[in-house]
1. Name the pairs whose Cβ atoms lie under 6 Å apart, with the first residue in the stretch 384-402 and basic (Lys, Arg), the second open to solvent by 20 Å² or more (accessible area, probe 1.4 Å), and 6 or more positions between them or separate chains?
2. Just to be sure, is residue 449 within 29 Å of residue 112 (Cβ to Cβ), open to solvent by 60 Å² or more (accessible area, probe 1.4 Å) and free of Cβ contacts under 8 Å to residues at least 24 places away in the same chain?
3. How do the pairs read when you match residues in the stretch 56-77 that are over 15 Å from residue 93 (Cβ atoms) with residues anywhere that are crowded, with 17+ Cβ neighbours inside 10 Å and at pLDDT below 95, using Cβ under 7 Å and keeping only pairs 6 or more apart or on different chains?
4. So, in the stretch 205-227, how many residues would count as being outside any loop (DSSP other than H, G, I, E, B), in contact (Cβ under 8 Å) with a residue 12 or more places away in the chain and open to solvent by less than 80 Å² (accessible area, probe 1.4 Å)?
5. Looking at (1) open to solvent by 50 Å² or more (accessible area, probe 1.4 Å); (2) of a type in the set (A, V, I, L, M); (3) closer than 30 Å to residue 193 by Cβ, which is the one condition that is false for residue 430?
6. Of the residues that sit in the stretch 309-353 and are over 20 Å from the mean Cα position of the chain (by Cα), farther than 29 Å from residue 255 by Cβ and polar (S, T, N, Q), which one is most open to solvent (accessible area, probe 1.4 Å)?
7. Working only within the stretch 262-300, note down all residues that are in a helix (DSSP H, G or I) and of a type in the set (D, E, K, R).
8. Out of 165, 147, 170, I need the residue that is in contact (Cβ under 8 Å) with a residue 12 or more places away in the chain and surrounded by fewer than 20 Cβ atoms within 10 Å (Cβ to Cβ). Which one?
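The values are calculated or read from the model by the stated rules, or taken from the named source; none is laboratory data. Note that the coordinates shown come from a computational prediction; the quantities given were computed from them, not determined experimentally. Counting neighbours? That spans all protein chains shown, and the Cβs are built from the backbone with ideal geometry, glycine included. All accessible areas refer to the heavy atoms of the entire protein, side chains included, with ligands and DNA or RNA removed. Shrake-Rupley method; radii C 1.70, N 1.55, O 1.52, S 1.80 Å.
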Amino acid sequence: MRKSLRWLVSLSVLIGTVGSTGVATAADTETGRTAVADAQSTDIKDRLLAIPGMSLIEEKPYAGYRFFVLNYEQPVDHRRPWAGTFQQRISVLHKDTDRPTVFRTSGYGLSTTPSRAEPTRIIDGNQVSMEYRFFTPSRPQPADWSKLDIWQAASDQHRIFSALKSVYGKKWLSTGASKGGMTATYYERFYPRDMDGVVAYVAPNDVVDREDSAYDRFFERVGTKDCRDRLNNLQREALVRREPLEKKYEAWAKSEGATFNTIGSLDKAYEAVVLDFVWGFWQYYGQDVCDQIPDAATASDDTVYETIDAYSGWSAYTDQGLETYTPYYYQAATELGSPSIKQPHLAGLSRYGYQPARNFVPREIPMKFKPWVMRDVDQWVRKNANKMLFVYGGNDPWGSEPFHLGKGARDSYVYVAPGANHGANVAGLVEAERTNATARILAWAGVDAPAVKAAKPLARFDARIDRTVDEDATREHGLRP
């Protein structure tokens, strides 16, 4: 009997001192009593902080909501949860535990400014946002880059959802734009039972990395011929004037302390920025501002230089510009793939062509491309998509290789917003598709039937927190989704 009692006592102590990763911590009895008290509290902050592994970074007030920036303890390797942890930032835009919740990720870093994704406004719900692993400060130290892959990231989301489901017990939708839309799709592929619906915006689907002719066809037809010629001519002129413009670039780099060790040289960085120019224009702008592109034949060196900077950004391929996005380029070079376009109008002037993602990652980080990863996701979506909505922009180059639905898909849709760029959203769809998309999002979120039938967002647009473009997904410069 005494042996049994000692075993029960030991077990209760162990249960009370196991951290979020299953590793015993130094928590004492008093901490255990506090956690129980917090879990029983009605204050949302207490309930969130009662979750094992959750800690508060800051709370920011916002009318109608409470906004928390938090750290959540995650395993570095979800296959070996005992082998080390790291702190991953998340945010919670809290409205009410009786409302549905949107799980949003940009696939990049985390904004600590309150904002609301389109599905969050449509369902008038809560929003949980996650910083993608290996984007600082959510990076394990030391960084084992082999643990940066789409399954590990999806498992991060799964653990966060599992931890928060006890607080937010209503329906959940996942969403994201660009790499965030890709992230939401990969999460669904690996954990299809977690979410009640998926809204993926402008999510590229590079199934075969070496087959990029779809992008070439896009640039042959997008916009008007006059606009295409205007852009191509200025881009070509930037390479014709490479020598004087590189001197300006060198002077700028020296004044800013910018270096080019990762890409290899200022010349390679210069050409990479110039080659991004046309892509960047269509990704972020469009036909309506084409008349603002100067005439290449009469433009001064300063005008050519400044125009390229406005749409591509001279800082993009410096060491300092690349450092923030090393996790993205690593993934592009190992799993996601990256586009390459021919640009025949630059024949005889381009020295390097579209450079591979490997060129944008420090050489000391090992990597190997795994071509089967995207094929697996593509086939899974075609055969198993259920309650998934993909939204693309008709004038967005990243939409050249979209996700497709097969016969196995159920209650799922792929829509294209005419004339929209990388900021395409449900509001920009044609009326019939906008109505259906809005109704499906509401239905997936479990709102009342009359609201679903009305197919209107439940919350009014608020310019302070609502963005027509996902601010974390839209990179100001550089060729990144």
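1. 387/411
2. Numbers: within 29 Å of residue 112 (Cβ to Cβ): no; open to solvent by 60 Å² or more (accessible area, probe 1.4 Å): yes; free of Cβ contacts under 8 Å to residues at least 24 places away in the same chain: yes.
In short, no.
3. Within 7 Å, the pairs are 73/20; 73/21; 75/21.
4. Start the filter on the stretch 205-227 by keeping residues that are outside any loop (DSSP other than H, G, I, E, B), which leaves 213-221, 225-227.
Still in the list and also in contact (Cβ under 8 Å) with a residue 12 or more places away in the chain: 214-219, 226-227.
Subset that is open to solvent by less than 80 Å² (accessible area, probe 1.4 Å): 214-216, 218-219, 227.
Looking only at that region, the number is 6.
5. (3)
6. It comes out as 340.
7. Of the stretch 262-300, the ones in a helix (DSSP H, G or I) are 266-275, 277-284, 287-292.
If the condition is that a residue be in a helix (DSSP H, G or I) and of a type in the set (D, E, K, R), then 267, 268, 271, 288, 291 are the ones that fit.
8. Just a single option satisfies the conditions, and that option is 170.
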